[in-house]
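The values are calculated or read from the model by the stated rules, or taken from the named source; none is laboratory data. On a predicted model such as this, the values are computed, not experimentally measured, just so you know. Note that each Cβ is placed from the backbone with ideal geometry, even for glycine, and that neighbours are counted across all protein chains shown.
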Amino acid sequence: MITLNLPTFDDVISASERIEGHAHRTPVMRSRTVDQAFGAELFFKCENLQRMGAFKFRGAFNALSKFDARQRRAGVVAFSSGNHAQAIALSASLLGMPATIVMPHDAPAIKVAATQGYGGTVVLYDRYKEDREQIGRELADKHGLTLIPPYDHPDVIAGQGTAAKELFEEEGPLDALFVSLGGGGLLAGSALSTRALAPACKLYGVEPEAGNDGQQSFRSGSIVHIETPKTIADGAQTQHLGSYTFPIIRRDVDDVLTVTDAQLVACMAFFAERMKLVVEPTGCLGFAAAREMKSQLRGQRIGVLLSGGNVDLQRFCALLA
Ligand SMILES: *Cc1c(COP(=O)(O)O)cnc(C)c1O
């Protein structure tokens, strides 16, 4: 059995130093309406207001900052359903290196266009038929590019952990933290920060009900693989947790919960109407689960990570109609 060197909170601290001045320190927003409805205090960490519109800039910039001169010259390759693609393309352009992005043919148009806008070269594939990891690896081998996966990489996990680190630094220890879960980079990184800064805080990962591989994996103790789930939460259409993310999640997370697409839509509407925030479906996972647990959360201080805000305006309207 291979023993992996899992990232630690020290790596999150180093990541926060690397991204400082490049990533936004995103605001933490409050809502009296929410606090009243919950009989609790909620703190929304707004990664929908991060550069390129999602927390993924943190992990990507951290990983690319660690490239040596040879890696920088050849450039980076990434495969992604969207936000990781934009994060890699933007980070690469800021650091002056070429980026090739392998994206699904049905990725939201706004995400494809934004990736190209940041200077990335886009290669499309069929997400129901082809293996994106294999395509990415082949490009890496052929052109000497360095592959940065969307979640299963120590530097990506450490970078993603900086969002929860900022939240705890600003608000002190919380009683519970709700985090969107796809492949687990954000949740694993948040776990490192949570266990270091607020050891007693309950930490929940939240997935779409149609793709509950993380819940199955967490509860069974080994990584469960599923078919690409059909859900509006396109940032969480992952088929399995990673070899780095799973052991951290298994060790440090309290539970993995699921919500329906209809619950995500209700949250999108709430954020737009009441908080004037555009949050993409995947970004609503944490709050949708917190709402379901409302009666158990009375009197507590609760963190919710709004992971991203990239959704076509047309799709946004269609979902709410
Ligand atoms: C990628 C993504 C997620 C899931 O993150 P993982 O690190 O894969 O678990 C959640 N929300 C948004 C907006 C994302 O882009």
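Checking each residue in the range 226-249 for being buried (at least 20 other Cβ atoms within 10 Å of the Cβ) and part of a helix (DSSP H, G or I) picks out D234, G235, A236, T245, F246, I248, I249. Does E20 qualify as being surrounded by fewer than 21 Cβ atoms within 10 Å (Cβ to Cβ), without any contact (Cβ under 8 Å) to a residue 12 or more places away in the chain and more than 16 Å from the ligand (Cβ to nearest atom)? Yes. V123 meets the conditions (1) among the β-branched types (V, I, T); (2) crowded, with 23+ Cβ neighbours inside 10 Å; (3) part of a strand (DSSP E or B) in every case but one. The failed one is (2). Checking each residue in the range 37-82 for being in contact with a Lys or Arg (Cβ under 7 Å, 6 or more places away or on another chain), outside any loop (DSSP other than H, G, I, E, B) and at pLDDT below 95 picks out only F79. Here K294 meets the list (1) touching a residue at least 60 places away in the same chain (Cβ under 8 Å); (2) buried (at least 19 other Cβ atoms within 10 Å of the Cβ); (3) away from the ligand (no atom under 16 Å from the Cβ) almost entirely, failing just condition (2).
Of all residues in the range 264-287, one or more are crowded, with 22+ Cβ neighbours inside 10 Å, of a type in the set (V, I, T) and either within 18 Å of M29 (Cα to Cα) or away from the ligand (no atom under 14 Å from the Cβ) (or both).
When each of K129, K142 is tested for being over 22 Å from G242 (Cα atoms) and out of contact with any strand residue (DSSP E or B) (no Cβ under 8 Å at 6 or more places or on another chain), the lone residue that passes is K142.
If you filter the range 81-100 down to residues that are farther than 11 Å from Y118 by Cα and within 16 Å of the ligand (Cβ to nearest atom), you find that the one that is surrounded by the fewest Cβ atoms within 10 Å (Cβ to Cβ) is S81.
One residue stands out in the range 297-321 among those that are within 16 Å of the ligand (Cβ to nearest atom) and out of contact with any strand residue (DSSP E or B) (no Cβ under 9 Å at 6 or more places or on another chain): the one that is modelled with the lowest pLDDT, namely D312.
For the range 184-201, the count of residues that are aliphatic (A, V, I, L, M), away from the ligand (no atom under 11 Å from the Cβ) and surrounded by 24 or more Cβ atoms within 10 Å (Cβ to Cβ) is nonzero.
The set of residues in the range 288-321 being over 22 Å from E171 (Cα atoms) and either touching a His at 6+ places or on another chain (Cβ under 9 Å) or assigned to a loop (DSSP other than H, G, I, E, B) (or both) consists of G309, N310, V311, D312, A321. Could you tell me whether any residue of the range 153-168 is away from the ligand (no atom under 15 Å from the Cβ) and either closer than 20 Å to L297 by Cβ or among the aliphatic types (A, V, I, L, M) (or both)? There is at least one residue in the range 153-168 that is away from the ligand (no atom under 15 Å from the Cβ) and either closer than 20 Å to L297 by Cβ or among the aliphatic types (A, V, I, L, M) (or both).
Filtered by the rule that a residue be among the acidic types (D, E) and either in contact with a helix residue (DSSP H, G or I) (Cβ under 8 Å, 6 or more places away or on another chain) or in a loop (DSSP other than H, G, I, E, B) (or both), the range 167-187 gives E169, D175.
Within the range 113-145, the residues that satisfy the criterion of being modelled with pLDDT of 90 or more and of a type in the set (S, T, N, Q) are Q116, T121. Against the conditions (1) outside any helix (DSSP H, G or I); (2) in contact with a Gly (Cβ under 9 Å, 6 or more places away or on another chain); (3) not hydroxyl-bearing (S, T, Y), L285 satisfies every one except (1).
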